[in-house]
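A short write-up of the structure that comes next.
The values are calculated or read from the model by the stated rules, or taken from the named source; none is laboratory data. None of the values given here were measured: they were computed from a predicted structure. When we count neighbours, we look across all protein chains shown, and the Cβ atoms used for this are built from the backbone with ideal geometry, even at glycine.
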Amino acid sequence: MTENNNLKNQSDKKNDKEVEEEEEKKYKIESLTKAGKIAQEVKKYIKPQIQVGTKVLNLIENTEKKIVELGGGWAFPVNVSINNIAAHYTSPIKDDDLTIKEGDIVKIDLGVHIDGYITDTAFTVSFNDEKSLENIIQATEVALEAAKMMAKPKINTKELGKKIEDIIKGFKFNPIKELGGHQIERWTVHGKKQLPELGVQGGDIMEEGEVFAIEIFASTGEGTVHNTKYSYIYELNPYAGRVPLRRKTSKQILGHINKNYKTLPFAERWLAKDFRMGVMFGLQELVQQGKIQVHYVLAEQKGEFVAQSEQTILITEDGFKQLT
């Protein structure tokens, strides 16, 4: 009798665990789907506002405001990267008056999360009519579609990278070796697995249930980026232990980050709205102590141009589900 009861209890626990896992899976898919729909709506909303003469800060703030209005959270600060700037530019605390000009190639990268479930998407708008640049956006879009159609369980992302490289180079541009697609995990924009831009780079195996951002860059330059001296985006270092902080503001900012952004990237200008003074000094101390990491603005060589396209997909049993 006792043995039967033990077996029944074990069976009940197993069933409870299975139910819990099924509910978690359902919640994940619902949250990702909602985040993806918001991202799609935000893109439709913001595209007509991308015009010559538009202030970049206004563009960024309008995009971030719309994400919240539609019920989403910011997965990271909206990036507006122009011309040779490839990634990680968002407006600083003190507005630098950056404005879109004739001849610019403008990349918008935005992320939406629902309870830490993230979708990431990007597109490019060109105000440059040079003949040599007429296909640069198309190159990224064609490569993205081709790579996306290859996505399925058990495929190595290296194979997608080779396809991306072949297409971008076929358009007479170069993929950027330091940038590319990536797995997205809960509360983590850049997950453990990578989706490279080049066939010679190492890859990872895609598995059912995983989320990937297929992110494509095409450059008129050599296909390499460097850190500039500018940084307006930060991220909590989850591996840093307790460290002594001298400034009261540093402690308050750290608590604010933990509560509001967790391990998601955030903008220094966001903090300026909650802390009237001491933001830059507080961030400086947190960086020095290793509590937060810096995302430097990334750039190709001056005079070059970079285009970007990105979509987020969920790997399914027999392929993928597009989320953005």
Worksheet item: Of the residues that sit in the range 195-223 and are touching a Gly at 6+ places or on another chain (Cβ under 7 Å) and in a loop (DSSP other than H, G, I, E, B), which one is farthest from Val294 (Cα to Cα)?
Response: Gly199
Discussion item. Among the residues of the range 99-114, are any of a type in the set (Gly, Ala, Ser) and within 17 Å of Phe266 (Cα to Cα)?
Written reply: yes
Response to the item:
The condition of being modelled with pLDDT under 95 and under 15 Å from Ile214 (Cα atoms) holds, among Glu197, Glu159, only for Glu197
Worksheet item: Just to be sure, is Ile108 assigned to a strand (DSSP E or B), in the same structural domain as Ile82 (by TED's automatic domain parsing) and among the aliphatic types (A, V, I, L, M)?
Response: yes
Worksheet, complete the sentence: Residues in the range 224-261 that are modelled with pLDDT under 95, assigned to a loop (DSSP other than H, G, I, E, B) and either in contact with a strand residue (DSSP E or B) (Cβ under 8 Å, 6 or more places away or on another chain) or not hydroxyl-bearing (Ser, Thr, Tyr) (or both) total 10
Worksheet item: Quick one: what pairs do we get from the range 164-178, first residue among the aromatic types (Phe, Trp, Tyr), second surrounded by 22 or more Cβ atoms within 10 Å (Cβ to Cβ), C-beta under 7 Å, 6+ apart or different chains?
Response: Phe171/Ala139; Phe171/Ala218; Phe173/Ile136; Phe173/Ala139; Phe173/Ala218; Phe173/Ser219; Phe173/Thr220
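Yes/no per residue for (1) more than 21 Å from the chain's Cα centre (by Cα); (2) buried (at least 21 other Cβ atoms within 10 Å of the Cβ); (3) closer than 26 Å to Asp274 by Cα; (4) at pLDDT 95 or above:
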| site | (1), (2), (3), (4) |
| --- | --- |
| Ile108 | no, yes, yes, yes |
| Gly111 | no, yes, yes, yes |
| Thr140 | no, yes, no, yes |
| Ala143 | no, yes, no, yes |
| Lys148 | no, no, no, yes |
| Ile155 | yes, no, no, yes |
| Glu165 | no, yes, no, yes |
Discussion item. Looking at the range 41-73 only, could you name the residues that are part of a helix (DSSP H, G or I), surrounded by 15 or more Cβ atoms within 10 Å (Cβ to Cβ) and not basic (Lys, Arg)?
Written reply: Glu41, Val42, Tyr45, Ile46, Val56, Leu57, Leu59, Ile60, Asn62, Thr63, Glu64, Ile67
